[in-house]
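Scroll down for the structure; my scribbles are underneath it.
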Amino acid sequence: MTAAGIARLAGVGRAAVSNWRRRHPNFPKPVGGTETSPTFALGEVEQWLRAQGKLAEVPLRERVWQQLAGHPAGAAAALGHVGAVLLLVRDRPAHWRQLSEAPDPGLAELLPPSLTTVLTARLGEDHPVPVADPAGLRPFVPLLRQAAELAAESSPREAYEFLIGRHLDANPRQYTVTPPELAELMAALAGVAGGAEEPAPAAGPAPTVLDPASGTGGLLSAVPAAATLYAQELDRELAALTALRLALAHDAQGARVRVHGGDSLRADALPQLTADAVVSHPPFNERNWGHDELAYDPRWEYGFPARTESELAWVQHALAHVRDGGTAVLVMPPAVASRRSGRRIRADLLRRG
């Protein structure tokens, strides 16, 4: 755990932790990290804080987060395994209780086929969530058991939202997060607002919604549970976390969530999909978006985007996936509305409605 994690545990500021390190020779020594950002062993820190009268008990959610954040395999990999187990806990609770009675080595042996079954049922055959073999799962088993305990205190969805939220907050430079208020506004503009906990509409088919650059899944999380959700994300590890986040947010057994890893512009995983709505917060100012390879792509119905106009490539990708009468809502930088290089495409978009 980091100094920030210690401060959170003890309910103090970062400066207090720095003072403790200077003033107390018996303060736990770093076990990793760097000189400017050291990391400490949770057990040693907990013992020291309790001995100093600065801690009564570490809350379970904090203990799970610290184990996840400090896992040797990395927090993102740990989040993937935790999310898969929470999906098993949510969808097959009796089966999980039976599995959890096995000792740690036995649980690692029993989990892979069960996880494969529940992930395929929820996310389809071509999902991006890897399932480790028993040897690969063994180091995660204590964390997985504690994550299941955390889910029992609230719900699997709330437990996962807490953990993934902490992970995103701890790595602000690594991820582009769409603010929840903006996500809700975009869902409303697309005509699919409601939030994951809203009840399904009484009549009419569930809308089909696509996010071709889904990132952390925040936009699709603002779409009601009744919708059928499709997503694609370049970072396959992030695609796995998004798939698990959306699957856990949609409680209904029939909810359809399909998430793919890969480059949407260069390798569209859903070329035949025609959605009721597309919502997206694509990357901005990308020069390497596929300009040279995609010159004759049929998606450029309104004109071939310049190398500097990746945003207009995403706009046309979105329009290629929207049914007649559907809606596409994308976050764009202000410059995309005024750059000379995109003028012809913008004019054609306006002329053709």
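The values are calculated or read from the model by the stated rules, or taken from the named source; none is laboratory data. Keep in mind that this is a model prediction, so the values were computed, not measured. FYI the Cβ positions are ideal-geometry reconstructions off the backbone, even for glycines, and counts take in every protein chain you see. Protein only, heavy atoms only, side chains kept; ligands, DNA and RNA dropped before computing areas. Shrake-Rupley method; radii C 1.70, N 1.55, O 1.52, S 1.80 Å.
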Exercise. Which of (1) touching a strand residue (DSSP E or B) at 6+ places or on another chain (Cβ under 9 Å); (2) touching a residue at least 40 places away in the same chain (Cβ under 8 Å); (3) farther than 30 Å from ARG90 by Cβ; (4) assigned to a loop (DSSP other than H, G, I, E, B) does TRP314 not meet, given it meets every other one?
Worked result: (4)
For this session: Considering each residue of the range 84-96, count those that are assigned to a helix (DSSP H, G or I), within 19 Å of VAL129 (Cβ to Cβ), open to solvent by 20 Å² or more (accessible area, probe 1.4 Å) and free of Cβ contacts under 8 Å to residues at least 60 places away in the same chain, and give that number.
Result: 2
Exercise. Looking at (1) free of Cβ contacts under 8 Å to residues at least 12 places away in the same chain; (2) outside any loop (DSSP other than H, G, I, E, B); (3) surrounded by 13 or more Cβ atoms within 10 Å (Cβ to Cβ), can you tell me which one GLY325 breaks?
Worked result: (3)
Exercise. For the range 1-40, what are the residues that are more than 18 Å from ARG63 (Cα to Cα) and of a type in the set (Val, Ile, Thr)?
Worked result: VAL17, THR34, THR36
Problem set entry | Extreme residue, most open to solvent (accessible area, probe 1.4 Å), among residues of the range 166-179 that are of a type outside the set (A, V, I, L, M) and either closer than 17 Å to MET1 by Cα or touching a strand residue (DSSP E or B) at 6+ places or on another chain (Cβ under 7 Å) (or both) | ASP169
For this session: Inspect the range 235-257 for any residue being in a strand (DSSP E or B) and touching a residue at least 24 places away in the same chain (Cβ under 8 Å) and give the result as yes or no.
Result: yes
Problem set entry | Conditions (1) at pLDDT below 95; (2) of a type in the set (Lys, Arg); (3) assigned to a helix (DSSP H, G or I); number of the one not met by ARG173 | (3)
Exercise. Would you call VAL45 within 30 Å of ASN19 (Cβ to Cβ), open to solvent by less than 30 Å² (accessible area, probe 1.4 Å), out of contact with any strand residue (DSSP E or B) (no Cβ under 6 Å at 6 or more places or on another chain) and in a helix (DSSP H, G or I)?
Worked result: yes
For this session: Go through LEU68, LEU163, LEU119, LEU99 for me and flag whichever is closer than 22 Å to GLY43 by Cβ, open to solvent by less than 40 Å² (accessible area, probe 1.4 Å) and at pLDDT 95 or above.
Result: LEU163
Exercise. In contact with a Phe, Trp or Tyr (Cβ under 8 Å, 6 or more places away or on another chain) and open to solvent by 50 Å² or more (accessible area, probe 1.4 Å): does that describe ALA73?
Worked result: yes
Problem set entry | Restricting the range 144-160 to residues that are among the aliphatic types (A, V, I, L, M) and open to solvent by less than 60 Å² (accessible area, probe 1.4 Å), the residue that is nearest to the chain's Cα centre (by Cα) | ALA159
Exercise. Has the range 96-104 got any residue that is under 19 Å from the mean Cα position of the chain (by Cα), on the phi < 0 side of the Ramachandran plot and basic (Lys, Arg)?
Worked result: no
